[in-house]
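Presented below is the structure to which this report refers.
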Amino acid sequence: MFDSLRTLIVERHRRRPDAERERIKHRLLEFQIGRFGWLIDLPSEVFFGADLKVLATIYGTDKWNRHWYAQHYEDLFCKIRRKRINLLEIGIGGDENPRKGGNSLRMWRAYFPKGRIFGIDICDKSAHDRGRIKTFCGSQADPEFLDSVVREIGEVDVIIDDGSHINSHMIFTFQHLFPHLAAGGYYIVEDTQTSYWPGSFGGNETDRNDPATAMGYFKSLTDGLNWREFKNSYTPNYFDLNIESIAFYHNLIAIKKRLSEGPRRPRDQAAPCA
């Protein structure tokens, strides 16, 4: 029964023309933020709470059916889905219209039944505040604003950057917020294709290792995972000591923070090759 319903929701929706999908999305959005939104929220959480592909389709977020991120999020978050987490997403969507956007915030609320869901946007999106969802208005490139958000939330377990997609913003926001991420938490950067788009996004279409782009910058952090194996004199920085792993997917980066710095082997006692 549920497999058939899942197919109806996801597969049939995917086959609809783009214009029809947009009409359905906007009708659902108006219903979701209204007083009877719980009529969608309750069955979504009960029957499809663990299936992000279905939830993304129901709530109209582009994390599925346009971008294909939901499958990776399920792998990353399945073990923390039922924990009491704080999730912060940068970028709520809907441009300047205060009633548009918020789709992924509602998806995350359904997926994390005990989670508190927070959103940041340059425009006022308080129309989406309800229950376990709270929004803040400000720029991801404003350090004082980011500090005020973190002070109000407390420790954050998951941070997702789906904001301006400007490369300098993506790098700055990571550098500023990663220290506030809980041990064992995840920092996600979406839509990294702008690393290759010159112009207003600040990408570089010829130098794919340019550290001023998001892809170039995060690739530069990967050597730090192995800093204990360096033979020359080297003092590890904060990111070397606190990044557990970096995973690259299509247009998506997932950085996991270490649970703790833990015991360190002396540099001359590196693990031998098998």
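Please treat every number below as a calculation from the coordinates, not as lab data. All values reported here derive from a predicted model rather than from experimental measurement. Cβ: placed from backbone, ideal geometry, glycine included. Neighbour counts: every protein chain shown.
Rounded to whole Hz and in sequence order, give me ³J(HN,Hα) for the stretch 245-252 from the Karplus expression 6.51 cos²θ - 1.76 cosθ + 1.60, θ = phi - 60°, writing x for Gly and Pro.
Running phi through 6.51 cos²θ - 1.76 cosθ + 1.60 with θ = phi - 60° gives 7, 10, 10, 10, 10, 5, 6, 8 Hz.
Rounded if a/c is under 1.5, else prolate if a/b is larger than b/c, else oblate: which is the stretch 63-168, with a ≥ b ≥ c the root eigenvalues of its Cα gyration tensor?
In terms of gyration-tensor shape, rounded.
Please identify the GluC sites (Glu not before Pro) of the stretch 57-127 that satisfy two criteria: DSSP loop assignment and at most 14 other Cβ atoms within 10 Å. Which are they?
Working: sites: GLU74, GLU89, GLU96; in loops: GLU96.
The qualifying sites are GLU96.
Pull up the cross-link candidates among the lysines for LYS63, meaning alpha carbon to alpha carbon under 18 Å and not fewer than 8 places away within one chain.
Qualifying lysines at Cα under 18 Å: LYS25, LYS53, LYS100.
Trypsin sites (Lys or Arg not before Pro), restricted to the stretch 165-254: which are DSSP loop and have at most 10 other Cβ atoms within 10 Å?
Details: sites: ARG208, LYS219, ARG228, LYS231; in loops: ARG208, LYS231.
Of the trypsin sites (Lys or Arg not before Pro), the ones in loops of the stretch 165-254 whose Cβ has at most 10 other Cβ atoms within 10 Å are LYS231.
To the nearest 20 debye, what is the magnitude of the charge dipole of the stretch 45-138 about its Cα centre, counting +1 on the Cβ of each Lys and Arg and -1 on the Cβ of each Asp and Glu?
On the way: 18 positive and 11 negative charges, 106 e Å.
Around 520 debye, computed over the stretch 45-138.
Go through MET107, PHE145, TYR249 and say which Cα lies farthest out towards the positive end of the charge dipole of the stretch 63-260; charges sit on Cβ, +1 for Lys and Arg, -1 for Asp and Glu.
Of the candidates, MET107 comes out farthest on the positive side.
Quick one: dipole size for the stretch 166-265, taken about the Cα centre, charges +1 on Lys/Arg Cβ and -1 on Asp/Glu Cβ, in debye to the nearest 20. Let's see the in-between values first.
On the way: 9 positive and 10 negative charges, 96 e Å.
Computed charge dipole of the stretch 166-265: roughly 460 debye.
Working only with C-alpha atoms, what are the Rg and Dmax values of the stretch 63-260, expressed in angstrom?
Gyration radius and largest Cα-Cα distance of the stretch 63-260: 16.7, 56 Å.
Rounded to the nearest 20 debye, what is the charge dipole size of the stretch 67-211 about its Cα centre when +1 sits on each Lys and Arg Cβ and -1 on each Asp and Glu Cβ? Don't skip to the end; give the middle numbers.
Values: 17 positive and 21 negative charges, 230 e Å.
Value, rounded to 20: 1100 debye.
Starting from the amide H of GLY138, placed 1.01 Å from N in the peptide plane, find each other amide H under 5 Å away whose residue is 5 or more places distant or on another chain.
ASP121, ILE122, CYS123
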